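The values are calculated or read from the model by the stated rules, or taken from the named source; none is laboratory data. What you see is a predicted model, and the numbers here were worked out from it, not measured in a lab. Because the Cβ atoms are built from the backbone with ideal geometry, glycine has one as well, and the counts that use them run over all protein chains shown. Surface areas here come from the heavy atoms of the whole protein model, side chains and all, with no ligands, DNA or RNA. Shrake-Rupley method; radii C 1.70, N 1.55, O 1.52, S 1.80 Å.
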Amino acid sequence: QVQLAESGGDLVQPGGSLRLSCAASGSIFSIYTMGWYRQAPGKQRELVATITRTGTTNYADSVKGRFTISRDGAKNTVFLQMNSLNAEDTAVYYCNLKTSRISPENYWGQGTQVTVSS
């Protein structure tokens, strides 16, 4: 079993910044991708950003140029630096870990609330 522990969610002013962290622990035998998804009330969960074990990144169009995903492979930890936040970024942010590209085992964190409001 793999556990994902997110932290860093908070209330932030529009235009502000926030940094999320996610540490994976447990029986981790392989990691293909770690990343972040978010879900606002009444909406489907959507991809925010992912990073592979080799450092390849992928971003949703809505966050390109504002968010940066990074990783610490030795610590099985992924970060999401969020800049220029706006109200549309308000959501619960979930950490995700996939063990392979095809037919992966898929793990989720409990979520951390990000609220952007004045």
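Structural remarks
- Scanning region 28-65 for residues that are modelled with pLDDT of 95 or more, out of contact with any Lys or Arg (no Cβ under 8 Å at 6 or more places or on another chain) and open to solvent by 40 Å² or more (accessible area, probe 1.4 Å) gives Lys43, Gln44, Leu47, Thr56, Thr57, Asn58, Tyr59, Asp61, Ser62, Lys64, Gly65.
- Some residue of region 77-85 being touching a helix residue (DSSP H, G or I) at 6+ places or on another chain (Cβ under 8 Å) and within 18 Å of Leu18 (Cα to Cα): yes
- Any hit, region 92-112, residues being more than 20 Å from Val2 (Cβ to Cβ) and surrounded by 13 or more Cβ atoms within 10 Å (Cβ to Cβ): no
- Residue that is modelled with pLDDT under 95 and surrounded by 14 or more Cβ atoms within 10 Å (Cβ to Cβ), where the choices are Val2, Val78: Val2
- For region 10-22, residues that are within 11 Å of the chain's Cα centre (by Cα) and either open to solvent by less than 60 Å² (accessible area, probe 1.4 Å) or at pLDDT below 95 (or both) total 3.
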